[in-house]
Each structure stands twice: as structure tokens, then as C-alpha cells.
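Beneath this line is the structure, given in C-alpha cells, with notes to follow.
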């Protein structure tokens, strides 16, 4: 680890002062143990229930009641309540994520369901939270920064873990019907029951939405089924089946004139840019506790994912239609033993085998003015032309060990290390005689599709972790962690080369992070969490436009540091509030590349990172009047500061403020009515604003205007 490079910033100095100040007021040495602090249970860090106060990391937990109260129509509506987290809305449930990183599509986040990655390493998709049934989750946990030794590639910016709902103690049926603006329709059905040692719950989600943009329809159908079996006092089994099908029409960005005057405009009509995804996951977690001091957990799993699409972001320079699929077989194993009252060991090995197939063909689009009206395949009866057709088989073996030592009543230390070894066997199914380029009538020029030779690529990475928690008093703790994270290049980035050369030689992204924080409760009206961090990233994988070409390579070093503050509490018996705030400083340490037409060298060392807002805030205030039992109102403010739209810092987006309103009324224990208004003031804003270096035209993704939703929940 390169901790010597991570000098203490002013933010870290501030947090150090806060910790010291609280230490001076600490309770006497006879204070109770860490578990006595404000209790929030977290399962992501060690795949087992732990008190949040015992963990040397910044983590936010949303329970089922909070998820129901927010009733998110998009993952951003719940996740943006976390300090330092911004998830944008790209249409339907499409999104990009920003956690201690700029807003981007990069694979530096790990998305989980019950602790299992929803996609294998090397197959990251920035939209893939739409493969999770978020509104019917039992809880959502967000860990910021690199994960513990139990997690490997992609866990750099953070982890988002959706936890399924626990089956009810008695037979229960819940129906939730919702309608809203732009033909929004959603039905959520949940059925659960318990019989002896068996209990189960089945959740169904069907959603339809026409969108405020022209011809931008979206639909999803999801099933999440969980079966729990308590074999005896020492053995229990949890089986989980998840299936999601998503259909999304393409949504274009807009140039400034259309963004200001015609936000409903969508340049993709008909079937120009589409996406169809089917995602199936099946797992069984076997937990055997031979003694009070031991726990063995084995979780075999299976994934089957298929996606067909015409990528909207490539329509203007490399139009194509593609189909990708993968099937995964894996095993998560964990053995935990308390070797003494003060020492706990967790060790295991994670195995994964993923076989994938990718096929792509070039197309040419038809245009009516600046509207894409459809596409024509460039295949004909004589020539079958595939730009790409390859198989990639990926194997990974990842042993790890995690040690926790209760050094004194106040000090808890954790050390961990993980070793990940990946082997990827790539086979090109196209003959070497197939040309690596084809003329695209729409563009009036040929497009290059380079294809690497058949080969086997390997990656090996060590990930050391260290953390310490100090109990300041009964209700206050401080913590520190130093962690290394990494992310290997995706299979598509390695072997779908486009016009780039040597993509099969790309190296993993590497990150070194230090973090210092305090958390606790000063009073019932003030619970708090403050974290400051610094992260250095090397070998970031970037994509750069150079004339008609788009090149991918490892480039430079970046530095990310900031402070995150979370406050919440009860103001009397009728008011609740929550505040989430972050201030970041993200810069290019050493960063230069060749781009543009004519070709030129761009050196942006010292510049701020593009698409990296330096301030994010979310404030909510809820009112539950005593005089009308069951009534609840909430007002929410979302703030995103300005940010530069490219690496040269020559243009920027002003940021935006949004207000949302929610109301609910529990008519009876079985019946609840609710409604919400998103973007209450009908603000004109962009969810993603960017431009290519050398191009003065800025592209905007208009956000949803004022939208009204109403729903009913009934329990049978």
C-alpha cells in the first residue's frame, strides 16, 4: 500500500480535532462495550450482523419502513439521501453513480443482493441496479470507500447492498398500487407465510412508464422469492431467487437550444436505441453453527443474464446492435471463529466461473433532420457481417482472511488481506479473413473494429485492509481505516476494442484510501456521523475521442478527498429531520493524453476532475401531527453543486436544487394512502452534462419535470 503518499489534508486535521475533543470528554474507563453505543445492525462488512458502531467505515442503512415511506420510483430517490452519494436518472431506471468519484460509467462500485454481487467481476454495468427489486427491498446498506477483505474487484468508490425482506411470522398478503404522471403505473404484490421450520416470501413488481420524453417508454417485471429453512438449532438455509426483465427505449442527450426550449424532444425514435435485459440469480446460503464460537457459511450461486441493445451512446460514431450473455457458477465460503473473548478470525475463499458470449453487427441509421428514425442491418444474403463474435470464460479464486482484536474495552482493531486471481480465456469466433472495418452509410465513412488475437489474460491483486475503532464514551466512537482497492478491466473493454489498439494490455485500476471518522449520539435530537477521507487512484481506465476514433487506455493519477456529514434526530414528538452533506476536492494529479482533430496533446494535470460536483446535500423534514394519528408529511431538498463538464475545465454546469414532497395517511392498520410530488417547483435541470474535449457543444440530459404520484397499500 502507498499510504506514505497520502498526506493528512486540512479535512483530516478537522476530524482529528473532533475526535480529540470528544476524547477529552470521554466516560471513565469503566464505560460499557462498543455494543452499548447507538445500535444499527449492518451485515455487508462481514456478511453477518454487526453493530454499525463496531465497523471502521462509513455506512448508511435504510430499513424497510424508510424504503416504503420514500417509495422510490428510481434508485436515486433513496440512495441520494446518503452523504456523499449521488445517483442520477438517465431514463427508466438507468443511472450513473458518484460515491467519492465523479459521475461516470466506470466500474468502481460493487452492487450486491444479500451480499452476493449481482454481476460477476469484469461484467460491470453502470445501470445494473435496475436488475434489483429496490422498492421491495427489506433494507439497503451503502458502504462508502473500499470494502473489507471479504470483497474484491470493483469495491473502490463503495458498495450498495440490497437485502431481501424477511418472511413474515404469519400468512400475509400485501398489495401496493400506484399511478402517476406520464402514464406511470406500478403494482407491487407480496405474499409471505410460515409453516413450522419453513418460511417464505414472494415479491412481484410490475412497472410501466411512458416518460416525459418522446418515445422513451420503459417497463420492468421482477420476481424476488426467498425461502428460509431452520433445520435445527445449528443449521439454517436461505434460498433466494431473483428475476428481472427490463425493456427500455433509448433516450438522447440534447444540445443547449433544445434543452432550454424543448426538453421533451428525444432524437431516438422507433427502435433506434433500445435495451432489453433479462437477469436471473439463484443462491442458497447454508449457515452451520457447530458451537457458540464458530460459524461456517457456504453460499453456492448461479447467474444467467442476457442483454440485447442498440447502444444510444454509439449511434453517432459507431452504430451497432449487440447481444451479450453470461452464465455464472460460484461459491462464497466463510468460516468465523472466536478463538478467545478478544480475538475473532474470519477466513474463506470465493470462487467464480463465468462463461460469456458477445456478438455485434454494424448498422446504419435513418435520419429525419436530427431525429434517428430507425436502423438497417448491414447484413445481406451474400455476406454475414459481424463486427464482433467472441467467447470469454473467466475464472476467479479469491482467498481472504479478516482478523478482529478487542485490544482493550475501548479499542477494537481489524486487519485483513485478500488475494484475487483472475484468468480470462478469450476466443474470437470470426475468421481472420473478416475485415476489421466496414463502411457505414449513415456516417459516410468506414468504422474500425479491431479484434485481439485469441489469448488468455490473467490478473492478480493483493488487497490489504486495516481499521481501528475507539470507543470514546457510551454513545460515541471514532474510527480509522486504510484500505487498498482495485477494479480489473471489463471483458468488453479488453476485447471489444473498437478503434483502440492493445486494449487487451489494459491494467486494473488501483486505489489507496485512508479514512477517519466519528459517529454517535449527542442527544435524541442529534445523531451524527462525520467522515473525512483521501483516495489516490492510478491507472484509471478512460475513453477519449480523437477525431473519428474513440481510444481506451490507462492514464495518469487522480486524487479524491472530502468530508461527509450525516445528522438526524427527532425534534420533539412530531418532527424528524435528516441532513446529508459532502464537500469534495477531486483533481488530476498527473494526467495527459492525445485527442481531437487535428491531433494534439492535452495535459490537464492539476485540473479538477470533470463531472465531479464538489458539494452534494440532501435535507428532509418530516411532520407527524399528534392530532391526526397516521398522517405524515415530508419535504425534501436535494442540492448538487456546479461541476466542470470536461477535463480542461473550460465549461461547467451550474448545478441545481430540487424540492420533493411526500404525504401518507394510515387509514387503518391494513390500509394506507400516500402521494408524492417530485421536483415540486418544476425546476429545469440536467442529470448529466458533458462535452468532448475540443468540442464546444455541451450535451444535457434533462431531468424529470414536476411529477405527481399517488398510491394505496393494503394488507390482507
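Could you check, for the range 161-173, whether at least one of its residues is under 12 Å from the mean Cα position of the chain (by Cα) and in contact (Cβ under 8 Å) with a residue 24 or more places away in the chain?
Yes, because at least one residue in the range 161-173 is under 12 Å from the mean Cα position of the chain (by Cα) and in contact (Cβ under 8 Å) with a residue 24 or more places away in the chain.
In the set 325, 406, which member is on the phi < 0 side of the Ramachandran plot and without any contact (Cβ under 8 Å) to a residue 60 or more places away in the chain? Before the answer, list the steps.
Details: 406 fails: without any contact (Cβ under 8 Å) to a residue 60 or more places away in the chain.
Every option except 325 fails the conditions.
With respect to the numbered conditions (1) surrounded by 15 or more Cβ atoms within 10 Å (Cβ to Cβ); (2) over 22 Å from the mean Cα position of the chain (by Cα); (3) free of Cβ contacts under 8 Å to residues at least 60 places away in the same chain; (4) closer than 29 Å to residue 497 by Cβ, which one is the sole condition not fulfilled by residue 379?
Unmet for residue 379, out of (1) surrounded by 15 or more Cβ atoms within 10 Å (Cβ to Cβ); (2) over 22 Å from the mean Cα position of the chain (by Cα); (3) free of Cβ contacts under 8 Å to residues at least 60 places away in the same chain; (4) closer than 29 Å to residue 497 by Cβ: (1).
Out of the range 700-716, which residues are closer than 30 Å to residue 650 by Cβ and buried (at least 19 other Cβ atoms within 10 Å of the Cβ)?
Once the filter is applied, which keeps residues that are closer than 30 Å to residue 650 by Cβ and buried (at least 19 other Cβ atoms within 10 Å of the Cβ), the range 700-716 yields 700, 701, 702, 703, 704.
Just give me the residues in the range 254-283 being buried (at least 20 other Cβ atoms within 10 Å of the Cβ) and assigned to a strand (DSSP E or B), in sequence order.
254, 268, 275, 277, 279, 281, 283
Would you confirm whether or not the range 225-238 contains a residue that is over 21 Å from the mean Cα position of the chain (by Cα), farther than 26 Å from residue 162 by Cβ and buried (at least 16 other Cβ atoms within 10 Å of the Cβ)?
Checked the range 225-238: no residue is over 21 Å from the mean Cα position of the chain (by Cα), farther than 26 Å from residue 162 by Cβ and buried (at least 16 other Cβ atoms within 10 Å of the Cβ).
Quick test of your reading of the structure: residue 363 fulfils all but one of (1) part of a strand (DSSP E or B); (2) at pLDDT below 95; (3) within 24 Å of the chain's Cα centre (by Cα). Name the failing condition by number.
(3)
Output the residues belonging to the range 513-528 that are buried (at least 20 other Cβ atoms within 10 Å of the Cβ) and closer than 29 Å to residue 474 by Cβ.
Scanning the range 513-528 gives 514, 515, 516, 517, 518, 519, 520.
Specify which of the listed residues (480, 495) is surrounded by 23 or more Cβ atoms within 10 Å (Cβ to Cβ) and in contact with a strand residue (DSSP E or B) (Cβ under 7 Å, 6 or more places away or on another chain).
Values: 480 fails: surrounded by 23 or more Cβ atoms within 10 Å (Cβ to Cβ).
It is 495.
To keep it simple, each residue is scored yes or no on (1) under 26 Å from residue 153 (Cα atoms); (2) crowded, with 22+ Cβ neighbours inside 10 Å.
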residue	(1), (2)
393	yes, no
396	yes, yes
400	yes, yes
417	yes, no
430	no, no
460	yes, no
484	yes, no
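Just the residues that are exposed (fewer than 15 other Cβ atoms within 10 Å of the Cβ), closer than 24 Å to residue 619 by Cα and either modelled with pLDDT under 95 or over 23 Å from the mean Cα position of the chain (by Cα) (or both), please, taken from the range 636-660.
Selection gives 654 alone.
Got a sec? Which of 67, 12, 78 is modelled with pLDDT under 95 and surrounded by 20 or more Cβ atoms within 10 Å (Cβ to Cβ)?
Values: 67 fails: modelled with pLDDT under 95; 78 fails: modelled with pLDDT under 95.
Matching residue, one of 67, 12, 78: 12.
Does residue 176 qualify as being touching a helix residue (DSSP H, G or I) at 6+ places or on another chain (Cβ under 7 Å) and either modelled with pLDDT under 95 or assigned to a strand (DSSP E or B) (or both)?
Criteria not met by residue 176.
Test residue 592 against the stated conditions and say whether it is over 30 Å from residue 258 (Cβ atoms), surrounded by fewer than 16 Cβ atoms within 10 Å (Cβ to Cβ), touching a residue at least 24 places away in the same chain (Cβ under 8 Å) and under 29 Å from the mean Cα position of the chain (by Cα).
In short, yes.
Tell me, which strands (runs of 3 or more DSSP E) wholly within the range 368-464 include 2 or more residues that are modelled with pLDDT of 90 or more, within 30 Å of residue 335 (Cβ to Cβ) and in contact with a strand residue (DSSP E or B) (Cβ under 9 Å, 6 or more places away or on another chain)? Let's see the steps before the verdict.
On the way: elements: 371-377, 388-406, 411-428, 437-440, 445-448.
Answer list for the range 368-464: 388-406, 411-428.
Of everything in the range 670-697 that's modelled with pLDDT of 95 or more and assigned to a loop (DSSP other than H, G, I, E, B), which residue is farthest from residue 543 (Cα to Cα)?
670
May I ask you to say which residue of 568, 618 is surrounded by 19 or more Cβ atoms within 10 Å (Cβ to Cβ), in a strand (DSSP E or B), at pLDDT 95 or above and out of contact with any helix residue (DSSP H, G or I) (no Cβ under 8 Å at 6 or more places or on another chain)?
Details: 568 fails: surrounded by 19 or more Cβ atoms within 10 Å (Cβ to Cβ).
Just one listed residue meets the conditions, 618.
The values are calculated or read from the model by the stated rules, or taken from the named source; none is laboratory data. What you see is a predicted model, and the numbers here were worked out from it, not measured in a lab. Cβ coordinates were reconstructed from backbone atoms using ideal geometry, including for glycine residues, and neighbour counts include every protein chain displayed.
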